[in-house]
Every structure is written in C-alpha cells, then in structure tokens.
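Values in this text are rule-based calculations from the coordinates and carry no lab data. As the structure is a computational prediction, the values presented were derived from the model and not from experiment. All Cβ positions, even for glycine, are placed from backbone atoms using ideal geometry, and neighbour counts span all protein chains on display.
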Amino acid sequence: MTDLTSLTLAQARSGLASKSFTSLELTDAHLQAIEAARVLNAFVMETPDQARAMAREADAKIVKGEGGPLAGIPLGIKDLFATKDVRTTACSKILGNFVPTYESTVTSQLWRDGAVMLGKLNNDEFAMGSSNETSCFGPVVNPWRRDGANTTLVPGGSSGGSASAVAALLCMGATATDTGGSIRQPAAFTATVGMKPTYGRCSRWGIVAFASSLDQAGPIARTVRDAAILMRSMAGHDPKDTTSVDRAVPDYEAAIGKSVNGMKIGIPREYRLDGMPAEIEKLWSEGAAWLRSAGAELIDVSLPHTKYALPAYYIVAPAEASSNLARYDGVRYGLRAPGRSVGEMYENTRGEGFGAEVRRRVMIGTYVLSAGYYDAYYLRAQKVRTLIKKDFEDCFASGVHAILTPATPSAAFGIGEKGADPIEMYLNDIFTVTVNMAGLPGIGVPGGKDSQGLPLGLQLIGRPFDEETLFSLGEVIEQAAGRFTPPRWW
Ligand code: GLN
C-alpha cells in the first residue's frame, strides 16, 4: 500500500469508499506523521484519542453506507475555531486553558459530514500576523527550505500551522481564517491551495473574532479539488451569524474541470509594484499564459485605489480588533492576573496576557477610534474601503470574470528576519487585503518555484459568491504548474 499520508483528500475518499483502507488506518498514519514532525510546531494540541474514536465511528458508518461527504477524512483545525471540550486559545496567553462548551458552526459542519479531528493548529496570536511568529506557542516552521540550505523559514501567517501541516502531509486539509490574507499568503509560502470565500459564505460563529467585518473562514488543502470538497462542508447559512448569507451552497467540486474558454481575466496594472522581484513578474505572466492557453482572454484592468488598501486595512482591522478584544478582561475567560482593584486586575491581565503585536493593534485601534481622531482615521478608512469595493465592482461590471495577481510580493522568509519593523511585515499583505476590504472571494494556488527552490503562489479574485469560477480557473493553473511537495528533512 502506498503511504496513506501522500494521498489527496479526493483519493483518500475513494480509497475509503472502496474499502482499500479504513479511516482508522488513515488517521493513524497521519497521527504518526504528526508525531514525527513536532519540530515544525504546527500542532499546538494533538487529539489522538478523539481522532481514533471519530475514525472508528466513520468506519462504522462507511460500512453501513451511511458515511457523509467527508467520512473518515482526518483534518487539522486552526486554534481560532472553538472546539467543544478541546482547549481553544487563539494562540494567546490571555485565553490560557480556555475550554469551550460549544463547537464553532464551521467545525460542527465538518464533523456532521464525517471528518476526523487530529488536533488544533498553531496560528499568529488572535490571527494577527503574516509569519506565525506572534503565537504564544512559538513560531511554526515551514517544511520548505531553500535549496541546499537549512535556514528555518516561516510558513506565513496567520494560518501558519494549517499551511505547514497540510504541506508536510500531517493532515489531509485544514481549516483556516483570512482577515487580510491569512489563508492565501501561507498557502503561497507552502505550495498549498487556500480559498478565502466571499464574506458571509461561512459562518463566523464560534471563531475567535479579530476584525469582524473582514474575517472569513476557509480551507487550506493539498489540491484545488480538495479545497472545493472542504468548502462545500464549511459553507452555509447560519442564523447564529447575522452576516452569514442565506444562499444555497453549490457543489463546488463540480466546477473542477469546467471549461474556462472565453472567460475574461483581468490583470490589474496597480499590482505591478516598483521593485517587485523579477521572479514574481515571471510567475504572474506564466499564470496569465496558462489561462490564455485554456481559452481565457487576458485584459488589462485598473483598480485605481489599490495603493490605499494596505493603510486603510491597518486602520479598520486594528479598530475592530480593539473592540473585539475588550472582552478579555480577566473576568470571563482564561487568564487572570490579580490586582488591588478591578481596574488594576484588568490592566495586569491585559498587560500580561496579550503579546506585543496584539498590544500594538489594540493601541492603534483605540487611537483611531478615539474622539477627535475618529473622522480623520477610521471614517476616512471606511470611505477608502468603499472606493476599493467600487473599483472591483466597476471591473466586474465591464465583463471581467476574475482577476489574476501574484499572491505575495516574495517567497517565504527566515524566522526572525522581519521582526523589527512592523511595516515590513505588513507589506506581505499588499496583494491580499484588497479582497477582504471588498468582501470578495480569493484563491491562492501554487504557481511555481523561485531560483532558490521555494514555492510561489498566484491569486485569483472573483465576483461575490462566484467561488466556482475560482475553482475552475485555479485548477487550470494547478494542471499547468503541477503539484509541489517539500522534500522531507524532519
Ligand atoms: N497579516 C494580516 C494581519 O496581520 C492578516 C492577518 C489575517 O488575515 N488574519 O492583520
């Protein structure tokens, strides 16, 4: 039998259905892989007993022909998703040993469909970061290394554990969240596929909130098809999230292999940055050429307000974060650092419980929302946001079906390399934040490697609720670029 961990989710699904192996075997193979890969620090909590129990249950259902769409498939869960009776921390000290008494809607839908939980995955603290270095559990290591070097690289963030675990074949897919790029950027750094759905497509209920008007859950997977399979289970209306949209969930997998002939693909000129590495330029034109050979028409488009997206994002996101994080006061959840008065207890708890980046965001957010500055910063950023959204609307109204851009301005960088200057770190999100500001779907797909052997990703941006077109186009790129798996060194 081939190594079960090297199968795609779709292949594992067929193998389980034809009884070539059991979910317990598949799950055990992944549990062993996780144990052997602890150096990557991708999991912050392994749940082997629960995984085996869920696998046995799935096997029993498969035998009876009652297995759901994900029956017996072992997955990893970002530690931002509340999991009933399993510690959920958002990788922050302030949540301490918080054990939720409820399950997030997205994960409960995965379990409803028969998936198996292997454990909880590392992420940047409260999903704030682009390198997974702000986690209270320490950084995640990217399974990819530069050719002939052993420098440890970041997997991107904030869903760094999800990306690293999927790339290193520790789980068949993972949940992730994306507020400004946290699904697509780590996918690009690890040669995995990441889908950030339209805002409102997946329920946010039970996911630790960062910036509520931007946050969306989505999958990180080994292939475009696998991402489509996971999306169908993750998506759907939820009355418990008033921003979730009541629209039928399509069969995303049916979009794989659909012709893209005649589709109009926009190439936005504002994404061509000064000083962009030649390798990123090359990747982008290769991506365009692949889509052209599949019959798509490439057209130059303009999204004139792009340059304001990053600064506006870094006002809106911290503003919402400062409000969302007000609830961590030492009273209701996790950590409490005592003080002589309630006020002092709040201060001590928040001072000790939040890491440096989270404190920075809370301070920026509080500042831009304070009287006298609100109009100058927050309100202005909201206006810019409307203009960014309108740029996309105009572009789609002109007949464009999807937009192609690079996913990131560079390949993965070294752990500790970009810690000093927050702006340098924030620049990682330059191609991804626009999509969250406009609430649109975006997919990150591996497009090739740089001269040092590191993966690079392409991004496709779609019309609202048209994830299907992104899956069709993403698969065209995947077919042309091929799949990339890191050589195993751990
Ligand atoms: N890197 C961005 C930030 O730090 C986005 C994070 C995310 O999408 N959760 O805000």
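Worth a mention:
- The convex hull defined by the C-alpha atoms of segment 315-458 has an orientation-averaged projected area of 12.2 nm².
- Protection proxy ranking for 46-52, 200-206, using the average of other Cβ atoms within 10 Å per residue and placing the highest first: 200-206, 46-52.
- Ordered by the number of other Cβ atoms lying within 10 Å of each residue's own Cβ, fewest first, V445, V86 fall into the sequence V86, V445.
- Estimated translational diffusion coefficient (Stokes-Einstein, Kirkwood radius over Cα pairs, 4 °C, 1.567 mPa s) of segment 122-235: 94 µm² per second.
- Cα-Cα separations in segment 32-74 greater than 12 Å, expressed as whole percent: 64 percent
- Among T22, V99, Q32 - extreme Cα towards positive end, dipole of segment 1-106, charges at beta-carbon: V99
- Relative contact order %, the chain, counting alpha carbon pairs below 8 Å whose residues are six or more apart: 18 percent
- Among F81, G218, Y377 the positive-end extreme of the charge dipole of the chain (Cβ point charges): F81
- Relative contact order of segment 329-463, pairs being alpha-carbon contacts under 8 Å that are 6 or more residues apart, as %: 20 percent
- At q = 0.10, 0.16, 0.18 Å⁻¹, base-10 log of I(q)/I(0) for segment 390-490 (Debye sum, equal scatterers on each alpha carbon): -0.35, -0.81, -0.95
- Three-way shape label, segment 30-133, alpha-carbon gyration tensor, a/c 1.5: prolate
- Sorting D59, D329 by the number of Cβ atoms found within 10 Å of their own Cβ, with the fewest placed first, yields D329, D59.
- Rule-of-thumb Rg ratio for segment 447-486 [Cα; 2.2 N^0.38 Å; N residues]: 1.35
- Bridges between two residues of the chain, per DSSP, are antiparallel at a rate of about 70%.
- Residue-averaged 222 nm ellipticity for the chain, from DSSP H runs of 4+ at -39500 (n - 2.57), nearest 500: -11000 deg cm²/dmol
- Footprinting exposure proxy ranking of T243, T432, fewest other C-beta atoms within 10 angstrom first, gives T243, T432.
- Simple rule: put +1 on each Lys or Arg Cβ and -1 on each Asp or Glu Cβ in the chain, find the dipole, and look at T179, A319, G156; the Cα lying farthest toward the positive end is A319.
- Restricted to Cα atoms, segment 61-197 shows a radius of gyration and a Dmax of 15.2, 50 angstrom.
- Close amide H contacts of L298 (hydrogens built in the peptide plane, cut-off under 5 Å, sequence separation of 5 or more or a different chain): I265.
- Considering segment 303-360 at the alpha-carbon level, its Rg and Dmax are found to be 15.6, 54 Å.
- Taking the three principal axes of the alpha carbon atoms in the chain, the coordinate ranges are 63, 53, 50 Å, sorted in descending order.
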